[in-house]
Amino acid sequence: MASESHAGFLISSFLRGNNVSTIFTLCGGHISPILVGCEEEGIDIVQVRDEASAVFAADATSRITNTIGVAVVTAGPGVTNTMTAIKNAQLAQSPLLLLGGAAATLLKGKGSLQDIDQLKLMKPHVKSAVSVKKVRDIVPALHNAINCAFSDVPGPVFVELPIDLLYPEETIKKEFASQLSSKTFFDKIFKSYVEYYLKDIFAVKKSYMRLNKKKIRHASQSSIDKASIEIYQSKKPVVLLGNQAVHNKEYLERFVKALKKLSIPTYTSGMARGCFGKDDSFFFRHNRKHALKNADLVITVGVPLDFRLGYGSSINKDAKIIALNKSRDDLTKNRKPHLKLQGDPCISIYEIAKVINNKISCDLWLQELQTLEEERDNEILSQSEAHTDFVNPVKVCTTINNVLDKDSIIIADGGDFVGTASYILRPPHPLSWLDPGPFGTLGVGGGFALGAKSAFPDKEVWIIYGDGASAFSLAEFDTFVRHKLPVIAIVGNDASWQQIAREQVDMLGSNIGTNLNNTDYHQVVEGYGAKGFLVTETSQLHDVLLQAKSDAKMGIPVLVNVRIGKTDFRKGSISV
């Protein structure tokens, strides 16, 4: 036990009591007591190289486990470095807890080191942002923050913890005493005030903070019944699954079984990838546009009608829409649904399946979509064999797909190459696919992999990198090595921001700003202590991937730098 008690022990005890076994951090003097407390409590402390990666790691933890992911960062630039990752989590509706250090409560606004208005910065991008003022309020504030993160529409929360609350009481009192003078009458009054103030923030009293309960909303039974009738009567129904489909991990297995019982043509996106596989005859990966333009009923399960669905125009204008969503705003975004069910979409589908209790009669519709699916799969297989400079990127993805373990977790971080991978790779199980979400953020790869591998050390964790995106988090290979987290990273290296270049050249006649060097990314990770491979020919690919898997099983993080050629596989796919 440390020689002096401090609030770091309160925080670590609370986290352990809420099943937090790992935190992600980059050290700083403002937060040292929290790290020491977590060390004492036996909580793993993963020290990243960029605060954004700490938040991405916390985000991934929340997405694929039953506990909340926690990032701890120092004041000022430590907090500001997390902003993109926090916004990404907000737009992906991903719960996480960010603990930020801060200047001493008595010194705020006086020019203290790294002192900025962090709450004003954070509030637009989180569900809750609070600054704790007294030691006795720390635990209630953390309790409320976690409940808020998971309630209704999930999202990130921020708790600011000033430095004078975290360090031992005597240390703080001595520090302030050394700076106070008693020369004048006003000095004495101010000294007395400071002494009283410090006594109060450390006082052992009951907190008066109100504890908030976690709220879970369910759609009404009348809405469930109406939706069931519409679905049962439809001839060409389509189900679209988004991130919210896997939020409720307690219901996830029942939810999947419910959709299998209904056997409605189903398309997945985001975190919902992996819920169904090639043995599910109602699950489709291709020709979604055709399905939506010819459907008579579309059921959106945790999916807003945003740019990914043409702001609603991708769906047949005469089709009825049944929207299931936790968010009131997303229920009616861009197009008014025929029926809207606000609440947990996972539970709603389960209840609908209970009411219908049968497979939906749409055999001709299923057969039509199955024929199109087979044709597209055959096209992709043919495209993977087409000649390109270096290695065909479609071939890279089909080869990766063939060597994935059944328990693999796939992390997507990039543009063109990752877009290709999303068409081809088959996540092997629910909660096995991690992508940024609607914000389109680059740089999630290293942090997401840290979260996934920390949570599931026995599973293969693959990062699918575009060469542009890889540079955002390549330094986390240092973290993988230090913390013995053997991931496998594949860089699709075409020395280009190709997703932008392809459309920019066609539309504007210039590739300005889109060229990169053919960088030796495999040598970069070797400098961090990992193992790197270079693949320039198709004949090398399969054996190198098998070797990478073998090295990872031996505890060595691996990066495979694959020189890929350029194709038109995703021509016209850019979104703005």
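The values are calculated or read from the model by the stated rules, or taken from the named source; none is laboratory data. Because the structure is predicted, anything quoted here is derived from the model rather than measured. Ideal geometry is used to build each Cβ from the backbone, glycine not excepted, and the neighbour counts take in all protein chains shown.
You will find that of Gly451, Gly466, the residue that is in the same structural domain as Thr398 (by TED's automatic domain parsing), crowded, with 24+ Cβ neighbours inside 10 Å and farther than 27 Å from His286 by Cβ is Gly451 and no other. Across segment 236-281, which residue is farthest from the chain's Cα centre (by Cα) among those that are among the β-branched types (Val, Ile, Thr) and assigned to a helix (DSSP H, G or I)? Selected residue: Val256.
Given the criteria in contact (Cβ under 8 Å) with a residue 40 or more places away in the chain, more than 22 Å from Gly437 (Cα to Cα) and assigned to a helix (DSSP H, G or I), does Arg217 qualify? No; evaluated as a whole, the condition is false for this residue. Looking only at segment 398-435, residues that are under 24 Å from Asn515 (Cα atoms) and at pLDDT below 95 come to 9 in all. In the set (1) of a type in the set (A, V, I, L, M); (2) buried (at least 20 other Cβ atoms within 10 Å of the Cβ); (3) over 16 Å from Ile400 (Cβ atoms); (4) more than 29 Å from the chain's Cα centre (by Cα), the condition left unmet by Ala530 is number (4).
Going by the conditions given, is Lys336 surrounded by fewer than 16 Cβ atoms within 10 Å (Cβ to Cβ) and either modelled with pLDDT under 95 or of a type outside the set (S, T, N, Q) (or both)? Yes; evaluated as a whole, the condition is true for this residue.
In segment 282-294 there is at least one residue matching the filter, namely being among the basic types (Lys, Arg), in a loop (DSSP other than H, G, I, E, B) and under 30 Å from Ser408 (Cα atoms). Leu161 falls short on exactly one of the conditions (1) over 25 Å from Gly437 (Cα atoms); (2) out of contact with any Gly (no Cβ under 9 Å at 6 or more places or on another chain); (3) surrounded by 21 or more Cβ atoms within 10 Å (Cβ to Cβ), and that condition is (2). Can Phe477 be described as in contact (Cβ under 8 Å) with a residue 12 or more places away in the chain, among the aromatic types (Phe, Trp, Tyr) and either part of a helix (DSSP H, G or I) or over 30 Å from Thr567 (Cα atoms) (or both)? Taking the combined requirement at face value, the residue satisfies it.
Is it fair to say Ala54 is within 20 Å of Leu485 (Cα to Cα), within 14 Å of the chain's Cα centre (by Cα) and either crowded, with 21+ Cβ neighbours inside 10 Å or not β-branched (Val, Ile, Thr) (or both)? Considered against the rule, which asks whether it is within 20 Å of Leu485 (Cα to Cα), within 14 Å of the chain's Cα centre (by Cα) and either crowded, with 21+ Cβ neighbours inside 10 Å or not β-branched (Val, Ile, Thr) (or both), Ala54 comes out as yes.
Residues that are buried (at least 20 other Cβ atoms within 10 Å of the Cβ), touching a residue at least 24 places away in the same chain (Cβ under 8 Å) and touching an Asp or Glu at 6+ places or on another chain (Cβ under 9 Å) do not occur anywhere in segment 306-321. Taking the stated definitions as given, is Ala145 outside any strand (DSSP E or B) and modelled with pLDDT of 95 or more? When the stated conditions are applied, Ala145 passes them.
Looking across segment 469-491, the residues that are buried (at least 24 other Cβ atoms within 10 Å of the Cβ) and of a type in the set (Gly, Ala, Ser) come down to Ala469, Ser470, Ser473, Ala489. Listed by position, the helices (runs of 4 or more DSSP H) contained in segment 13-105 that have at least 3 residues being over 21 Å from Gly440 (Cβ atoms) are 32-41, 77-80. Tallying residues that are on the phi > 0 side of the Ramachandran plot and touching a Gly at 6+ places or on another chain (Cβ under 6 Å) within segment 282-315 yields 1. Within this structure, Asp115 passes the test of being touching a Lys or Arg at 6+ places or on another chain (Cβ under 8 Å) and farther than 24 Å from Phe56 by Cβ.
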